[in-house]
1. Relative contact order of segment 259-366: what whole-number percent is it, with Cα pairs under 8 angstrom and at least 6 residues apart?
2. Taking segment 259-337, which GluC sites (Glu not before Pro) meet the DSSP loop condition and have no more than 15 other C-beta atoms within 10 Å?
3. May I ask you to give the solvent-accessible area per residue for the chain, in square angstrom, as obtained with a 1.4 angstrom probe?
4. Quick one: of the DSSP bridges fully inside the chain, what percent are antiparallel, nearest 5?
5. Please list, in order along segment 307-318, the HN-Hα scalar couplings obtained from phi with the Karplus expression 6.51 cos²θ - 1.76 cosθ + 1.60 (θ = phi - 60°), rounded to whole Hz, x for Gly and Pro.
6. Looking at the chain as a GNM with Cα springs under 10 Å, which of Ala126, Ala356, Ala115 has the largest mean-square fluctuation?
7. Using θ = phi - 60° and the Karplus form 6.51 cos²θ - 1.76 cosθ + 1.60, what ³J(HN,Hα) does each residue of segment 44-56 get, whole Hz, x for Gly and Pro?
8. Enter the angle in degrees (range 0 to 90, nearest 10) between the Cα long axis of helix 117-126 and the first principal axis of the Cα atoms of the chain, meaning the one along which they spread out most.
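The values are calculated or read from the model by the stated rules, or taken from the named source; none is laboratory data. Quick caveat: nothing in here was measured; it's all calculated off a predicted structure. Every residue, glycine among them, receives a Cβ derived from its backbone with ideal geometry; neighbour counts consider all protein chains shown. In case anyone asks, the SASA skips ligands and DNA or RNA and just uses the protein heavy atoms, side chains included. Shrake-Rupley method; radii C 1.70, N 1.55, O 1.52, S 1.80 Å.
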Amino acid sequence: MTLRPFGHFFLPGPTDVRPEVLQGMVRGMLPHRGAEFEALFARLVAGLQGVFRTSRPVFISSSSATGLMEAAVRATPPGRVLSVVNGAFSERFARIARACGRETEVLEVEWGRGADPARVREALRAHRFAAVTVVHSESSTGALTDVRTISDLAHEAGAACLVDSVTGIGATPVETDAWGLDFVLTGSQKALALPPGLAFGVASAAFIASATRGEQRGVYFDLVEFEEYARRNQTPNTPALPLLYALDAQLPRIAAEGVEARWARHAAMAARMHAWVAETATVIGAPLAILAPAGERSHTVSAVRLPEGIAGDAVVRGAAARGYVIGDGYGRLKGSTFRVGHMGDHTLETLEGCLAACGEALAELRGVSGR
Ligand SMILES: *Cc1c(COP(=O)(O)O)cnc(C)c1O
């Protein structure tokens, strides 16, 4: 068994996991109906409440993040859904709403941009909706949306707001309680720097109360059940214990850094990424740009638009040859972009190594000498 040394894995999910967190998974099994488990669960929820900035129970789902996207739709009281779509993950939210039998209106936003509140307001005025789905940090394009404003607009129109903050939570400011979010979710393998396989979500008391009116909640992803079990410090079904152990190893590390310091570290990494793109365009003598405009950029994922003649997968291979894993373009941006996930436990220092590798790869592809 080999462990790649930490600091070389920059996918926009899963993200690099520190060896001590991976090693934290190696613990014996526990009965999940018992005092020892309940103590573990209570400790995990307390740590996650700090990350989500909430006093509500934090649901721990043994699924990837998509599971809780579906749970959120299923918990929505009867009515139409408005899906703000500005990339592949927000498109997935719309697809889930439709697949769960909801009449779904899509508000199309240019890929690479955040949602424009004025257009959301307009759509909410034209029809009545039970819920709005929105993605905070669109990992396919690297665009950031002001979800607080979208949530406020939804509430003014009498709709709930379901927020996918999968690459937001733990990296970008989110104040679940202070902003009055109805439902917000993330996955373990993004900014929390855990192995994949868990999803975390918080529902407001009002959203859970309205969910009891819903008749299509299913079983595995029923948020009303999550809430009932969370009150007893349990999960409805057998949880992925090794992943809970990893979380138990990681949460004290997150608390020691402090969630606000974590937000600041991610803002600094994003700023470095943006500066590097501008510098590198000069070095290689070709246009290279962050896809999202300034002010609408994710703190965790950057999609970099490539000049004609350089393909995303060639950059990925060039970085790999130098020991770094980065992401190809996603969905319809495959080919024309590459993506760097500067999130989780990465630092300005580890990012610098990744950017040097990307810079060398780009210089080689352009046939100019690197730095
Ligand atoms: C990764 C990601 C998801 C999906 O997560 P899974 O854990 O693969 O289900 C959803 N939304 C966003 C914004 C993501 O980055």
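1. In percent, rounded to a whole number, it is 29.
2. Glu308
3. 38
4. Counting only bridges with both partners in the chain, antiparallel ones make up about 55 percent.
5. The phi angles translate into x, 3, x, 10, 9, x, 5, 5, 5, 4, 5, x Hz.
6. Evaluated over the chain, the most mobile residue of the options is Ala126.
7. 5, 5, 4, x, 5, 4, x, 5, 7, 6, 9, 10, 6
8. The two axes meet at around 40 degrees.
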